[in-house]
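Undergrad: The structure under discussion is supplied below as structure tokens; questions concerning it will follow.
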């Protein structure tokens, strides 16, 4: 009996992997989570607790924390990535298209890939099977109507799935999902329809974990990247490709005291001869078809 009904277990060093794309064994996937935190609902995550623990709506300081990211953090991220010619994937709540149309258009104009991320920033685990299926389909349809492009990837809000989420995703035409950070290379999940690719999404290099959960100093994300690359060195020399998925949130990495460290991360990664930046769909096509 395997430990997980969706996933076949393999030791990473024994896996057969396709040749590195363009001979570049370090594949970097920048994922920017662009979210709609609703003013009239409890805030998904809080920076400032309420006096005496009495939480009320509206939650102005914590809403403003996220809103700063949508106003200022997104501008910094768009500029930094465009200046360096780096492709990115936007894990985007479909509600952003209506609430922040200028942001959505800027992301589309920048050529980022749009990944489904629910409709608003709330867990899908609260939905029953029919409601979850409808939420996924409605989110995808809304994004596709806006972009004119097929949505191929998905990242559940908070990476939280129900038992049936992978089945709903493949039924909706999704090729890959970022909810399963189980390996440094993509791997296949079983669903009732067809295999679904689990895309590496590193929680240890995720600004939400580092800053909102663990509450580290501003330089921590750069330090972790440097240490990660040191560990990867001997493995990459063997020619075994690795996908380094870096999850970002505009209200976390986009603030002034952290953003310079992110820019140093980009410059460090671009300076390497073995690195290549790819979107989720590009990684899927490389892994599935060896195309890139």
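Undergrad: Might you check whether a residue that is part of a helix (DSSP H, G or I), without any contact (Cβ under 8 Å) to a residue 60 or more places away in the chain and in contact with a helix residue (DSSP H, G or I) (Cβ under 9 Å, 6 or more places away or on another chain) occurs anywhere in the range 78-85?
TA: Step one: of the range 78-85, the residues part of a helix (DSSP H, G or I) are 78-84.
Cutting the leftovers down to without any contact (Cβ under 8 Å) to a residue 60 or more places away in the chain gives us 78-79, 82-83.
If we keep only those that are in contact with a helix residue (DSSP H, G or I) (Cβ under 9 Å, 6 or more places away or on another chain) too, we end up with 78.
Yes; the residues of the range 78-85 include at least one that is part of a helix (DSSP H, G or I), without any contact (Cβ under 8 Å) to a residue 60 or more places away in the chain and in contact with a helix residue (DSSP H, G or I) (Cβ under 9 Å, 6 or more places away or on another chain).
Undergrad: May I pose another question? Among the residues of the range 137-176, write down those that are touching a strand residue (DSSP E or B) at 6+ places or on another chain (Cβ under 7 Å) and assigned to a helix (DSSP H, G or I).
TA: Answer for the range 137-176, where residues must be touching a strand residue (DSSP E or B) at 6+ places or on another chain (Cβ under 7 Å) and assigned to a helix (DSSP H, G or I): 139, 140, 143, 147, 166, 169, 170.
Undergrad: Counting only residues that are over 24 Å from residue 113 (Cα atoms), touching a strand residue (DSSP E or B) at 6+ places or on another chain (Cβ under 7 Å) and modelled with pLDDT of 95 or more, give me the helices (runs of 4 or more DSSP H) lying completely in the range 185-292 with at least 1 of them.
TA: Working: elements: 220-237, 250-253, 259-270, 280-289.
Of the helices (runs of 4 or more DSSP H) lying wholly inside the range 185-292, those with at least 1 residues that are over 24 Å from residue 113 (Cα atoms), touching a strand residue (DSSP E or B) at 6+ places or on another chain (Cβ under 7 Å) and modelled with pLDDT of 95 or more span 220-237.
Undergrad: So how many residues does the range 88-133 have that are part of a loop (DSSP other than H, G, I, E, B), over 23 Å from residue 245 (Cα atoms) and free of Cβ contacts under 8 Å to residues at least 60 places away in the same chain?
TA: Of the residues in the range 88-133, 3 are part of a loop (DSSP other than H, G, I, E, B), over 23 Å from residue 245 (Cα atoms) and free of Cβ contacts under 8 Å to residues at least 60 places away in the same chain.
Undergrad: State yes or no: is residue 144 under 26 Å from residue 109 (Cα atoms) and more than 16 Å from the chain's Cα centre (by Cα)?
TA: yes
Undergrad: Would you check which residues across the range 6-57 are outside any loop (DSSP other than H, G, I, E, B) and surrounded by 14 or more Cβ atoms within 10 Å (Cβ to Cβ) and list them?
TA: Taking the range 6-57 and keeping what is outside any loop (DSSP other than H, G, I, E, B), we get 7, 12-14, 21-23, 26-34, 51-53.
The answer is 7, 12, 21, 26, 27, 28, 29, 30, 31, 32, 33, 34.
Undergrad: All but one of (1) outside any strand (DSSP E or B); (2) over 25 Å from residue 36 (Cβ atoms); (3) modelled with pLDDT of 95 or more hold for residue 179, so report the exception by its number.
TA: (2)
Undergrad: Can you pull out every residue in the range 120-162 that is surrounded by 19 or more Cβ atoms within 10 Å (Cβ to Cβ) and closer than 23 Å to residue 186 by Cα?
TA: 136, 140, 151, 152, 153, 154, 155, 156, 157, 161
Undergrad: Another one. Have a look at 290, 216 and point out the one that is free of Cβ contacts under 8 Å to residues at least 40 places away in the same chain and surrounded by fewer than 16 Cβ atoms within 10 Å (Cβ to Cβ).
TA: 216
Undergrad: Then there's this: Would you confirm whether any residue within the range 80-96 is farther than 24 Å from residue 124 by Cβ and over 24 Å from the mean Cα position of the chain (by Cα)?
TA: Within the range 80-96, none of the residues are farther than 24 Å from residue 124 by Cβ and over 24 Å from the mean Cα position of the chain (by Cα).
The values are calculated or read from the model by the stated rules, or taken from the named source; none is laboratory data. In this text the structure is predicted, and so the values were computed from the model without any measurement. Methodologically, a virtual Cβ is constructed for each residue, glycine included, from the backbone with ideal geometry; neighbour enumeration extends over all protein chains shown.
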